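Just so you know, all these numbers are worked out from the coordinates, no wet-lab data involved. Because the structure is a prediction, the values reported are computed rather than measured. Positions of Cβ are generated from backbone atoms using ideal geometry, with glycine treated the same way; all protein chains shown enter the neighbour counts.
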Amino acid sequence: MAIGVVGPSDLVEEIMMIGADLPGAADWRLVGAPHAGEHETYEKFSRIADSIDVVLFTGPLQHDLARQAGELPVPATHVPMSGASLYASLLRGVLTQGIDPARVSIDSLPAADVDEAYGEIGVSTEGVHLSEYDQPESARGFAAFHEQLYRQGTTTAALTTIRSVAGKLAAEGVPVLRMLPTSHTLRLALNTAALLGTGSRLEESQIAIVVVELAASARPTYSGPGNYWQQELKLSLHQSLLADARLMGATVTARDENSYVVTATVGALAQATDGFRVAPFMDRIRADAGVAVEVGIGLGTTARDADSNAMVAVEKARGWARPPPTWWAATGWCCRCRCASAGGSRASPWSPPRRPNCSNGWSRRWVTGRSSWTPRRWPRCWRSRLAARAGCCRAWRRRGWPGRCPR
């Protein structure tokens, strides 16, 4: 597993050194990406994004800047800033610069952490000025915040977590101390990143099953060894699936006469579908074979779970592609009865005939709580509006009703 580390060069080097001595160092590889300024955060991250499983930013500012600049394709976390870094900075300032800990300005840290740290050392916070970090926009005013308080004589030094702010203040002659995370904090952050990367790899290794099924409108009316058009269509569909499956290391097998099963891993499928935002296979099949398909994706920890979920998904895709079966029966979408005993054509698909049973064998029933018309025997298709489209008999045969259309 590869862990990327993005941030200032000094912190990146320290994290790399600490990570090399951790017990789990044999299980991961650290990839450093130091930047010269916060504006380079996303650029540096993008260069290593394809070679890492998780990224560790050296602070919340770098993490937020990267998320604002673009999408993070791998799990990400950052080194938290807490009051633990304040103790060493105050002690170093007292010993080296003679600052007054009761008269300083601090940025980035939460107010609760500052109050806790000062309470433990027994120093009042009345003369301590704090500017908490909220978003990258708040960090732009840190330098002016510290400099103004120092020029007014309110503070004796500035404590900041941001390297660029410390450089600006030092250039203006303001005493500044940079707060750095402790070694313990860095070890905890590395362990957190390792756990995120492990979870991501386990998730990507899950089984993903894709069921690709010919749409009802694209299926042939007759299936058999003599139907050459159907065999050519199956070969074209299989070739189109293989072209995409080869890129993701997946397998393609025929499920029945009209559908195929593609077996892959979640990680490979997510990469091929842009994080499950683009439907797989559909565009290529439409371009190569010129037919519409219905695609269902199923995920699971076992092949059985993934296959079950894929069948549920393809049923939903089938429902989007055409009206549900109860709607077909309720509206008489195929072979709608218009016999004389029923009073001729209806005013609307939902209006029932005048008599419960007409000469063509229709009977009234209740389906899913609403009035629906279903056949008792094969109706006379020559009276249907859809018979001229040569789709009437196909639709009835797909429903599984017996008999043969006289047309």
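Taking every C-alpha pair closer than 8 Å and separated by at least 6 residues, the mean separation divided by the residue count of the stretch 12-76 gives a relative contact order of 30 percent.
Between SER200 and ALA111, the simple spin-label model (points 7 angstrom out along Cα→Cβ) gives 3.6 nm. Here the residues SER108, SER200, SER51, ranked from fewest to most Cβ neighbours within 10 Å of their Cβ, fall in the order SER51, SER200, SER108. Residue exposure proxy: ARG277, ARG103, ordered by other Cβ atoms within 10 angstrom of their Cβ from fewest to most, comes out as ARG277, ARG103.
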